[in-house]
Amino acid sequence: MARRVGLEVSLACAEAVKLANADVVAAYPITPQTHIVEHLAELVADGHLDAEFIPVESEHSAMSACIGSSAAGARTFTSSASQGLALMHEMLYIASSMRLPIVMAVANRSLSGPISIWNDHSDVMGERDTGWIQYFCENGQEVLDLTLTAFKIAEDPRVLLPVMVNMDGFILTHVIEPILMPEQAEVDAWLPPYVPQLCLDPAKPISMGMVGVPEVYTEAKRAQVQAINDSYPIILEHWASFAKQFGRSYQPVESYRTEDAEAVFVSMGSLSETIMSAVDEMRAAGQKVGVVRIRLWRPFPVAEFTKAVAKAETLVVIDRNLTFGAPAGPVATEVRALLFSQGIQKYVANFEAGLGGRDVTRDQFKEMLAKAQKAKAAGQDMTCEMVGVKE
Amino acid sequence: MADEGMTSWKSLALGCAMTEPGTARRFNTGDWRSRRRPITDREKCIKCGLCWIICPDMAYDPDPKAEGYYTWDSFYCKGCGICIAECPKQAISWIEEKEEDKYGPACGA
């Protein structure tokens, strides 16, 4: 039986890695990810986790070491954030193109400058196209559960892709939450040891990370595109088997009070908990509003998302990061393109909120909706609207 | 053929890995060569082996039939001319090569 414990979410993430019996952890500490790495270092030093902990000199080296260990067939974990994730950037493509099932927790943080250690999604949006499976957690339990499922998904022979588990820095990582901690035996029964399909072995030499001349590169990328598209039903399959084993169900898109909603907020990560409470207040005031949260960002859940927003006339898409000089933020751009490509006409308002650790209050969500409705009525575009800017 | 050397994306190994060792020896770098190739004058050759050492594509090999001399391999020689530039006795020089002779018998044997 699972135990209910009060635990800092960073530690819950590290405990998930311990429950998964990771073989190698190579990571470099960076705020707000530090507690994850510190706790893993403790678990290894105290003999609670039989793993190699590689203290590297940078995040670029961390991902390089992870690529090496995963290529040698080891279950591999790392974690980073912000500038550290940015420093890993070029290696992230290597991990996915070599089809290495590395799991990485990202404690989402803004990018400098000005220097900021606080939360937003600028870091992960810069890594959007690295070919990793990417999802966003809403709360502490989800961090533990989805870190566990990351290993199961990544290492499935039908997938073999790295998985990035995103959790809002500080807002999630540094809070203590009630967590249902599964038993080791329960996890062992659900998550078998990693069996690599191809790995570095002196007895059977192979070469990984080869040159792709123009006659090969396009085909190599075509295969990689197929791999991440094909991973979609497998992700759902493993979330379903997780629900069966542990009793907690996860969907690529979560909806809240959307049945008769005329307007729907679209968000990712922990922000949706605040939006849900704002929606409750707006509902009490007679407004027909709901929330759609995108959990799975890559591969994008096209059908589920389209279905989730089908009835709403207005979408209020919140980007927790900026894009400079573009018609809309990354999430809103994607939503607009998706709806347009399917011939679906909706009013899509786009706000940029919660940047660099700025809190977003329930009242601000109400203001966003009011602004969106006003702009819609006036026939105006509402895009890249920064929330809470002091004029 | 337009798609010479190409493989279907469905046939590539996982992560575009090369699943057998030593395949570089099958890579015909010789077809990069323009219409001239090096030829060694064995009258001038002092068997120092510098051509064998400095060739970037290992196109020279010890001659099994004549100890101390080296054979030249048309399959690997890109025609870079480093052997010609480095030979201390100017024993190696260019000769014009017809397209049909490109993969002809190795010289100096």
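Of the numbered criteria (1) over 19 Å from the mean Cα position of the chain (by Cα); (2) of a type in the set (Asp, Glu); (3) within 21 Å of residue A:169 (Cβ to Cβ), the one residue A:52 fails is (3). Looking only at residues of region A:161-198 that are in a loop (DSSP other than H, G, I, E, B) and among the aliphatic types (A, V, I, L, M), we find that the one that is farthest from the chain's Cα centre (by Cα) is A:198.
Taken over region B:14-42, the residue count meeting the criterion of being free of Cβ contacts under 8 Å to residues at least 24 places away in the same chain and out of contact with any Lys or Arg (no Cβ under 7 Å at 6 or more places or on another chain) is 12. Taken together, A:94, A:36 contain a single residue that is under 21 Å from the mean Cα position of the chain (by Cα), part of a helix (DSSP H, G or I), at pLDDT 95 or above and within 14 Å of chain B (Cβ to nearest Cβ), which is A:94.
As a summary of the residue check, residue B:87 satisfies the conditions (1) loosely packed, with under 13 Cβ neighbours inside 10 Å; (2) away from every other protein chain (no Cβ under 14 Å) except for the one numbered (1). Against the test of being closer than 23 Å to residue A:74 by Cβ and touching a residue at least 12 places away in the same chain (Cβ under 8 Å), the options A:178, A:193, A:202 yield a single qualifying residue, A:193.
Here residue A:26 does not qualify as among the aliphatic types (A, V, I, L, M) and not in a strand (DSSP E or B). Among the residues examined, residue A:62 does not qualify as closer than 25 Å to residue B:14 by Cβ, aliphatic (A, V, I, L, M), in the same structural domain as residue A:100 (by TED's automatic domain parsing) and part of a loop (DSSP other than H, G, I, E, B). Which condition number does residue A:335 fail, the rest of (1) closer than 28 Å to residue A:147 by Cβ; (2) β-branched (Val, Ile, Thr); (3) in contact with a Pro (Cβ under 8 Å, 6 or more places away or on another chain) being met? (3) is the only condition that residue A:335 fails.
In summary, residue B:63 fulfils each of the numbered conditions (1) touching a residue at least 40 places away in the same chain (Cβ under 8 Å); (2) within 14 Å of chain A (Cβ to nearest Cβ); (3) of a type outside the set (Ser, Thr, Tyr) with the single exception of condition (2).
The single residue among A:158, A:222 that is of a type in the set (Lys, Arg), under 27 Å from residue A:303 (Cβ atoms) and part of a loop (DSSP other than H, G, I, E, B) turns out to be A:158. Given the criteria part of a strand (DSSP E or B), in contact (Cβ under 8 Å) with a residue 40 or more places away in the chain, away from chain B (no Cβ under 13 Å) and aromatic (Phe, Trp, Tyr), does residue A:265 qualify? In short, yes.
Per the conditions (1) in a helix (DSSP H, G or I); (2) among the hydrophobic types (A, V, I, L, M, F, W, C); (3) farther than 30 Å from residue A:198 by Cβ, the sole criterion not satisfied by residue B:24 is (3). Can you name the residue in region A:72-97 that is out of contact with any Ser or Thr (no Cβ under 8 Å at 6 or more places or on another chain), buried (at least 24 other Cβ atoms within 10 Å of the Cβ) and in contact (Cβ under 8 Å) with a residue 60 or more places away in the chain and is also nearest to residue B:17 (Cα to Cα) among such residues? Among residues in region A:72-97 that are out of contact with any Ser or Thr (no Cβ under 8 Å at 6 or more places or on another chain), buried (at least 24 other Cβ atoms within 10 Å of the Cβ) and in contact (Cβ under 8 Å) with a residue 60 or more places away in the chain, the one nearest to residue B:17 (Cα to Cα) is A:75.
Filtered by the rule that a residue be more than 14 Å from chain B (Cβ to nearest Cβ) and surrounded by 12 or more Cβ atoms within 10 Å (Cβ to Cβ), region A:179-223 gives A:179, A:180, A:181, A:182, A:183, A:186, A:187, A:188, A:190, A:191, A:194.
For region B:1-22, a tally of residues being under 19 Å from the mean Cα position of the chain (by Cα) and either of a type in the set (Asp, Glu) or within 8 Å of chain A (Cβ to nearest Cβ) (or both) returns 0.
The values are calculated or read from the model by the stated rules, or taken from the named source; none is laboratory data. The structure displayed is predicted, hence computed values, not measured ones. Please note: Cβ atoms are built from the backbone with ideal geometry, for glycine as well, and neighbour counts cover all protein chains shown.
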